[in-house]
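The values are calculated or read from the model by the stated rules, or taken from the named source; none is laboratory data. If you're wondering where the values come from, they're calculated on a predicted model, not measured in any experiment. Cβ coordinates were reconstructed from backbone atoms using ideal geometry, including for glycine residues, and neighbour counts include every protein chain displayed.
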Ligand code: 0WK
Ligand code: 0WK
Ligand code: BGC
Ligand code: BGC
């Protein structure tokens with residue numbers, strides 16, 4: 001049974017309660033951990049009896065009794081008003097799914113209280129405490145006594161990775177490699193496994209070794225067929241083994257002149273009483289204290305033993321306890337081999353924490369055990385460390401670690417909750433977006449509105465008669481593309497495209513406008529060269545993915561740069577003029593500038609070419625934005641109320657007037673302050689690819705600074721802005737991605753000592769940040785489609801959204817979460833998403849083609 005103990009020794013200081021049930025004594029303990037410089041532990045405890053009738057009565061009575069003892073102890077200690085964390089050493093086979101839940105599989109060792117097997121013993125104890133109602137505690141952990149013992153000894157000896165009990169019962173635990181625990185996910189690090197080796201042989205594996213005496217004991221026990229190995233070793237049974245052997249020998253006239261007594265013949269007389277152990281101890285001490293005490297014991301059973309009888313009895317005791325010690329050594333050797341093999345160590349150096357009255361009190365048991373272990377595994381250097389403080393201390397240690405981890409978890413979730421949006425909040429975002437859209441469209445409030453709702457002068461879609469070659473530029477996304485788009489007229493839409501991707505170096509993005517536009521013209525020249533069209537003068541459609549004020553199709557006044565662009569001398573300028581100037585500076589070719597469009601508009605047009613219901617364009621990439629077909633009469637900046645025109649919302653700026661302040665976290669403020677356009681594009685900075693990685697990095701930094709991650713060790717690389725690329729979010733959230741791969745990303749970030757838990761947490765932070773982005777995007781889109789529906793007084797709207805952008809396309813969950821949110825917030829709209837495969841350049845070329853057609857038809 002795995003016990004979720006990962007064995008980190010740094011514990012939380014404080015006071016912890018501990019219960020120790022299942023050995024010969026039931027103990028209640030108060031453990032104080034002081035961490036002033038070096039850690040010190042003080043303990044106070046009280047032993048309480050568990051009467052037999054409770055061990056075999058009803059479970060609720062047993063747990064009520066435990067609660068009574070606890071209450072009594074708290075009273076005595078004057079701490080009844082405190083709600084202290086408690087560790088419960090429950091020394092029976094239990095199935096554990098988490099540290100504070102433990103389902104009893106079967107009772108052992110004289111216990112048989114009804115209504116407990118199959119139940120979670122933590123809930124039973126909580127119920128009894130609740131029933132009393134005079135105190136409250138926080139049950140944080142349930143551990144087996146072997147585990148408590150390992151932790152207790154591990155506190156003094158860090159090599160201690162095995163726990164052994166040889167007392168009333170017997171059992172062992174050890175630290176196993178996670179990769180070998182097939183019942184659990186995760187393959188990194190180690191976890192403590194409670195072997196419950198007492199049940200070894202219950203499947204018949206020990207039949208060759210078991211004697212009739214063993215079978216007789218089992219038959220007379222409370223749990224026949226169960227714990228067969230334990231019944232050959234532990235204190236509860238050794239005395240009975242000796243008795244039955246003496247009876248057998250007496251009956252065969254080998255002892256006591258063939259005489260037996262009622263006491264000697266009393267079956268289970270030694271089994272059914274907790275004094276069984278004492279009897280066992282008595283038998284065992286026979287050996288140490290010589291013949292006199294042997295005689296005493298035998299006379300105690302009404303026998304009249306001869307000296308030979310006493311010697312023979314001692315011999316029987318010796319054989320029984322030697323077999324027990326050797327059997328225990330054999331199984332311990334198996335555990336040691338497993339630990340050694342796991343470490344692939346030549347020589348294993350390890351410590352075994354031991355407790356139990358047989359190991360501690362039997363004069364020879366431990367010596368024989370050590371000796372046989374060393375014979376069986378000579379390549380293991382084993383130290384046996386006898387527990388002085390009982391497993392209660394270990395249980396308190398586990399509780400302290402769990403308490404610290406739980407406190408850390410609560411603190412992490414408190415911080416992550418600031419990044420989790422409720423449905424009410426998303427409804428509010430949608431409402432605020434709707435209001436801003438109306439303010440952007442209205443002549444009166446347009447200037448103040450954060451969402452500018454910019455007219456694009458794109459009003460009609462291709463009718464299939466368009467034809468010709470068109471040049472398209474696509475600037476503003478993660479890559480700059482120059483495209484040649486060949487449109488052939490006719491019903492079957494066929495457009496051929498050739499394109500080449502060029503990079504825009506950082507220094508060009510942030511240099512002068514002249515350099516930037518000259519660079520663009522250089523790329524065009526290179527492309528025309530590459531296409532063998534040097535000097536060609538083609539109609540050009542320019543996808544310029546930044547907020548531009550347009551008063552006609554072939555003009556775009558840049559309102560401000562976004563997404564890392566900052567070239568000087570461009571804001572307030574017509575980008576078509578800037579490009580024309582650059583073309584004429586080069587004097588190599590000429591271009592016929594027909595249209596400048598936003599990438600959202602280009603994307604809508606590209607997808608609209610396949611799906612005529614596509615009336616919304618969405619980009620979730622480096623930046624984010626949306627456009628849609630708005631009724632002309634709502635676009636107050638443009639005269640003419642007929643028909644529709646595509647409006648570029650520039651929703652990235654939503655929140656720049658403080659609309660989103662209630663939703664912004666400290667991390668959003670950090671990202672904004674460190675950006676090259678503080679106070680601008682707030683909505684974009686909570687959603688798009690350029691910023692999500694930075695939000696995650698800031699959360700990870702905050703967690704690390706608070707000691708909640710990477711053990712508080714901040715790596716230099718993690719302090720580097722932009723080091724946590726948004727693509728990592730998409731990679732890390734890939735479902736099939738094993739933690740190991742997350743680790744390799746963390747290693748790439750210089751976080752070489754991160755643990756599996758760290759990886760799990762990093763994955764959680766990524767998913768929380770990406771989920772919020774997708775939900776915010778979904779809420780914004782819900783406002784858009786519901787506006788279209790209301791514009792058309794429809795009860796139900798069916799519309800297609802053309803979408804593009806690396807984040808939308810590569811993130812494993814973004815699209816689904818956004819769709820779910822949209823469906824939830826705009827239930828009267830059936831929205832189909834059409835992923836653009838050809839980019840917005842094609843759309844820009846189609847818009848150019850339409851404009852050329854209209855121009856040539858002289859309709860305009
Ligand atoms: C003392 C430990 C307790 C364990 C006991 C086993 O504190 O958790 O159950 O040793 O030994 P026993 O009392 O059964 O001999
Ligand atoms: C591809 C489009 C382009 C747009 C880009 C956005 O062709 O116009 O700007 O998607 O996505 P990003 O490249 O920023 O991830
Ligand atoms: C129980 C174990 C326990 C051992 C020692 C056995 O009977 O099944 O859980 O560790 O006794 O107390
Ligand atoms: C720009 C928009 C663009 C979006 C997506 C934003 O930063 O302001 O014009 O559509 O990014 O690329």
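Data table
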{"quantity": "Residue check for residue 357: without any contact (Cβ under 8 Å) to a residue 60 or more places away in the chain, more than 16 Å from ligand 2 (Cβ to nearest atom), in contact with a strand residue (DSSP E or B) (Cβ under 9 Å, 6 or more places away or on another chain) and closer than 24 Å to residue 217 by Cβ", "calculated": "no"}
{"quantity": "Answer from 267, 292, 280 - the residue that is farther than 15 Å from residue 315 by Cβ, surrounded by fewer than 15 Cβ atoms within 10 Å (Cβ to Cβ) and either at pLDDT below 85 or within 16 Å of ligand 2 (Cβ to nearest atom) (or both)", "calculated": "292"}
{"quantity": "Qualifying residue in the stretch 71-91 (condition: more than 16 Å from ligand 2 (Cβ to nearest atom), surrounded by fewer than 15 Cβ atoms within 10 Å (Cβ to Cβ) and within 30 Å of residue 182 (Cα to Cα))", "calculated": "no"}
{"quantity": "Any hit, the stretch 744-757, residues being within 16 Å of ligand 2 (Cβ to nearest atom), in contact with a helix residue (DSSP H, G or I) (Cβ under 6 Å, 6 or more places away or on another chain) and at pLDDT below 95", "calculated": "no"}
{"quantity": "Where a residue in the stretch 225-240 is within 12 Å of ligand 1 (Cβ to nearest atom) and its partner, wherever it lies, is part of a loop (DSSP other than H, G, I, E, B), with Cβ under 6 Å and at least six apart", "calculated": "230/169; 234/169; 235/167; 235/168; 236/109; 236/168"}
{"quantity": "Exclusive hit being in a loop (DSSP other than H, G, I, E, B) and over 29 Å from residue 788 (Cα atoms), set 415, 504", "calculated": "504"}
{"quantity": "Candidate set from the stretch 350-377 (those that are in a strand (DSSP E or B) and within 16 Å of ligand 3 (Cβ to nearest atom)); member that is surrounded by the most Cβ atoms within 10 Å (Cβ to Cβ)", "calculated": "353"}
{"quantity": "Some residue of the stretch 382-399 being away from ligand 1 (no atom under 15 Å from the Cβ) and without any contact (Cβ under 8 Å) to a residue 12 or more places away in the chain", "calculated": "no"}
{"quantity": "Qualifying position, being within 16 Å of ligand 2 (Cβ to nearest atom) and within 20 Å of residue 592 (Cα to Cα), among 472, 525", "calculated": "472"}
{"quantity": "Strands (runs of 3 or more DSSP E) enclosed by the stretch 58-121 - at least 3 residues per element that are closer than 24 Å to residue 16 by Cα and within 15 Å of ligand 1 (Cβ to nearest atom)", "calculated": "85-90"}
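Residue-wise test of (1) surrounded by fewer than 15 Cβ atoms within 10 Å (Cβ to Cβ); (2) in contact with a strand residue (DSSP E or B) (Cβ under 9 Å, 6 or more places away or on another chain).
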| position | (1), (2) |
| --- | --- |
| 181 | no, yes |
| 186 | no, no |
| 190 | no, yes |
| 198 | no, yes |
| 203 | yes, no |
| 207 | yes, no |
| 213 | no, no |
| 217 | no, no |
| 226 | no, no |
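The rows are residues; the columns are (1) within 60 Å of the chain's Cα centre (by Cα); (2) more than 16 Å from ligand 4 (Cβ to nearest atom); (3) more than 26 Å from residue 108 (Cα to Cα); (4) assigned to a loop (DSSP other than H, G, I, E, B).
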site: 222; (1), (2), (3), (4): yes, yes, no, yes
site: 240; (1), (2), (3), (4): yes, yes, no, no
site: 243; (1), (2), (3), (4): yes, yes, no, no
site: 260; (1), (2), (3), (4): no, yes, yes, yes
